[in-house]
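What follows is a set of notes on a single structure, which appears directly below.
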Amino acid sequence: MSESNNVLVRVHDVDKVFRRGSEEVHVLGGAHLEMPDGEFLALMGPSGSGKSTLLNLIGGLDRPSEGTVEVGGLRIDRLSDRKLAGWRARHIGLVFQFYNLLPVLTAERNVELPLLLTHLSRAERRKHVAAALGVVGLKDRSQHYPRQLSGGEQQRVGIARAIVTDPTILLCDEPTGDLDRTSSDEILNLLSALNEEQGKTIMMVTHDPHAAARASRTLYLDKGKLATEPEE
Amino acid sequence: MKYLHLLWRNLTRKKLRTVLTVLAILVAFLLFGYLSAVRQAFNMGIEVAGADRLIVRHKVSIIQFLPISYERRMEQIEGVADAVHQTWFGGVYQEPKNFFAQMPVEPVEFLEMYPEYVLEPPEYEAFLNTRTGAITGVTTAERFGWKVGDRIPIEATIWSKKDGTRTWEFDLVGIYEGAEKGTDTTGFFFRYDYFDEARAWGEGNVGWYTVRIDDPDRAAEIAEAIDREFANSPAETKAEPEGAFMQGFAKQIGDVAAIVTAIVTMAFFTMLLVTGNTMAQSVRERIGELGVLKALGFTHRGVLGLVLAESCLIAVLGGALGLALAAWLVSFGDPTPTASLPIFYFPARDVVIGVVLIFLLGLAAGFFPALRALRLQTADALRR
Ligand SMILES: Nc1ncnc2c1ncn2[C@@H]1O[C@H](COP(=O)(O)OP(=O)(O)O)[C@@H](O)[C@H]1O
Ligand SMILES: [Mg+2]
């Protein structure tokens, strides 16, 4: 982990300003973060502290108002919208709290979605989809629609969708936030395995100390400061 | 094409809404397609009218007669190649609703003037050799199940015979085809010599003339020369190009083209609102999902394209079904019980316009929803 010089994510002095009416809200206030390649980082902190905002900046879903975001040596805050979208498709796997599967598509078609943006043929796409569903243990559920799956299963489909393109980094925003203990553990086991066995770099936002305990490092975000210990 | 599944699944998400929208579009395009055929029917002849033909009628009205002697006089006018006459017979076959036009003509000259009436050589010979012979177009022959060799009795309403009877019997010697799709194949033509000799009155008078001119560009000038020739005579004439003549005929019934255009325009705008509303709802419901697509790496334009494609897909479904249904209905032919629309088909030009309209509808209806999808900020959309 930290002894590796191979820094994958470098967030430097970022701030994000939101407008609420006439009022400006500074969310991150100059945060710094470095993530080595292969790290499993847990990000904790009170609600509204800016965890999702930070995650979005690293995933190129949003742009910083101040500062720089570098992933794999690339200044993604400088990319055009179009380039950024392409970059996301190739390098980022996203896992959401509420799964965000398309209800009209089967598990298999949901997992296939990011592959539609590649040049893979239908047959190749199917192969990748089957592999990803295999990793999350849902091969036999490929033809099910989200509503036919439990929360834990839907989240596993979400993870399969996130890993199907073999991204550089997995960004998970409260992936177990809506799940019971058992399902949470399954998801956490899966993420640990992806990190340990496949060396995936993972950043996970969570409220749950149990979940954070599975990560290789935990950071606390509060009032725009990232700390290794929670504040009083 | 790989997005087709996604588009289709999105359309079938709210099945009832999609079906109703598609049905509404279907009806609009059915209306468009069918009315195209109606408009074409009313424009009949105008488009197939020979540019090198003039119609010469009595200046007062078409029902007034012109002397047969005019034929020779017109043929002597510079620029006139040929003149043939026709006369409205106006007889009834079995019952008045079985309407079709009947005209006595000079066989050789007439068929030379109207090469679009195509007759087999033996039938042509038979027409020349049979004094009571008549020819008719395939449409009328099929309508009454006539075959060559049939004897067709027609009850006169205008032209009683010298022997005091009113029933004229004709021997059907030929059935002509139209050279073009728009050719009128409902006419019934018989021999003028037989007619002139047997009619009780009006000998030597004909209804109107068709005149072939050497140079279509000089049509106006030649028409004037013809009218001048007969000015200040008991039967003054009015000569005009065949197309204008037909148009004048159609205008008597009403400006059908304008009415049809108005109806179709209204239907089209209604569809625009219906489809636009469907797309707006559909996008509103899916803001979060569109955000997810963007998060996964779909570009702003890619998402715009998906919304527009979905809108076009609805329009294509409804439009194609509507046009197909219209074509099917039109294929049954003239819908009027009196067969008063002799030319009834779905013009190719209107099929093309229909297809263009389908895509215009799809793009226009999807425009604002697509714009909304385009502008959607990824992080904001995910936050909902
Ligand atoms: N698009 C936005 N407009 C206005 N305020 C926002 C927007 N996005 C986030 N915020 C604000 O920024 C702060 C941090 O939000 P967020 O990153 O979602 O926090 P967390 O994920 O830690 O709960 C909150 O106060 C939130 O209200
Ligand atoms: Mg959050």
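The rows are residues; the columns are (1) out of contact with any Gly (no Cβ under 9 Å at 6 or more places or on another chain); (2) open to solvent by 20 Å² or more (accessible area, probe 1.4 Å).
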residue	(1), (2)
A:Pro146	yes, no
A:Gln155	yes, no
A:Leu190	no, yes
A:Arg217	yes, yes
A:Asp222	no, yes
* Asked: Picking from B:Lys162, B:Lys181, which residue would you name as being farther than 26 Å from B:Ser69 by Cα and open to solvent by 60 Å² or more (accessible area, probe 1.4 Å)?
  -> B:Lys181
* Condition broken by B:Thr140, with the remaining ones in (1) more than 23 Å from B:Gly248 (Cβ to Cβ); (2) open to solvent by 20 Å² or more (accessible area, probe 1.4 Å); (3) touching a strand residue (DSSP E or B) at 6+ places or on another chain (Cβ under 7 Å) satisfied -> (2)
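Between B:Ala280, B:Ala231, B:Ala235, B:Ala250, which is modelled with pLDDT under 95 and closer than 30 Å to A:Val111 by Cα?
Values: B:Ala231 fails: closer than 30 Å to A:Val111 by Cα; B:Ala235 fails: closer than 30 Å to A:Val111 by Cα; B:Ala250 fails: closer than 30 Å to A:Val111 by Cα.
Matching residue, one of B:Ala280, B:Ala231, B:Ala235, B:Ala250: B:Ala280.
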* Asked: Hey, does the range B:200-221 have a residue that's buried (at least 18 other Cβ atoms within 10 Å of the Cβ), part of a loop (DSSP other than H, G, I, E, B) and among the hydroxyl-bearing types (Ser, Thr, Tyr)?
  -> no
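Hey, any hits in the range B:330-340 for a residue that's part of a helix (DSSP H, G or I) and modelled with pLDDT of 90 or more? Full working, then the answer.
Let us first name the residues in the range B:330-340 that are part of a helix (DSSP H, G or I), namely B:330.
Remaining after also requiring modelled with pLDDT of 90 or more: none.
Scanning the range B:330-340 turns up no residue that is part of a helix (DSSP H, G or I) and modelled with pLDDT of 90 or more.
Could you grab me the full set of residues in the range A:102-115 that are more than 7 Å from every other protein chain (Cβ to nearest Cβ) and open to solvent by 20 Å² or more (accessible area, probe 1.4 Å)? Before the answer, list the steps.
At the first step, the residues of the range A:102-115 found to be more than 7 Å from every other protein chain (Cβ to nearest Cβ) are A:103, A:106-108, A:110-112, A:115.
Once the filter is applied, which keeps residues that are more than 7 Å from every other protein chain (Cβ to nearest Cβ) and open to solvent by 20 Å² or more (accessible area, probe 1.4 Å), the range A:102-115 yields A:Pro103, A:Glu108.
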* Residues that are within 14 Å of ligand 1 (Cβ to nearest atom) and surrounded by fewer than 17 Cβ atoms within 10 Å (Cβ to Cβ), drawn from the range A:16-38 -> A:Val17, A:Phe18, A:Arg19, A:Arg20, A:Gly21, A:Ser22, A:Glu23, A:Glu24, A:Val25, A:His26, A:Gly29
* **Residue within the range B:295-303 that is more than 14 Å from chain A (Cβ to nearest Cβ) and open to solvent by less than 60 Å² (accessible area, probe 1.4 Å) present** => no
* Among the listed residues B:Leu35, B:Leu11, which satisfies the condition of being within 19 Å of the chain's Cα centre (by Cα) and assigned to a helix (DSSP H, G or I)? -> B:Leu35
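Tell me which residues, restricted to the range B:92-115, are closer than 23 Å to B:Asp82 by Cβ and open to solvent by 30 Å² or more (accessible area, probe 1.4 Å).
Within the range B:92-115, the first condition is being closer than 23 Å to B:Asp82 by Cβ, and the residues that meet it are B:101-115.
Result: B:Glu106, B:Val108, B:Glu109, B:Glu112, B:Pro115.
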* Go over the candidates A:Leu55, A:Leu41 one by one and state the one that is open to solvent by less than 10 Å² (accessible area, probe 1.4 Å) and either away from ligand 1 (no atom under 16 Å from the Cβ) or away from every other protein chain (no Cβ under 13 Å) (or both). => A:Leu41
* Asked: Is one or more of the residues making up the range B:341-349 surrounded by fewer than 21 Cβ atoms within 10 Å (Cβ to Cβ) and in a helix (DSSP H, G or I)?
  -> yes
* Asked: Are there any pairs with C-beta distances below 8 angstrom linking a residue in the range A:46-60 that is within 16 Å of B:Leu296 (Cβ to Cβ) to a residue that is within 8 Å of ligand 2 (Cβ to nearest atom) and not in a loop (DSSP other than H, G, I, E, B), with the two at least 6 apart or on different chains, and if so which?
  -> A:Leu55/A:Asp173; A:Leu55/A:Val205
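The values are calculated or read from the model by the stated rules, or taken from the named source; none is laboratory data. This one's a predicted model, so the numbers in the text were calculated from it and none came from an experiment. Because the Cβ atoms are built from the backbone with ideal geometry, glycine has one as well, and the counts that use them run over all protein chains shown. Protein only, heavy atoms only, side chains kept; ligands, DNA and RNA dropped before computing areas. Shrake-Rupley method; radii C 1.70, N 1.55, O 1.52, S 1.80 Å.
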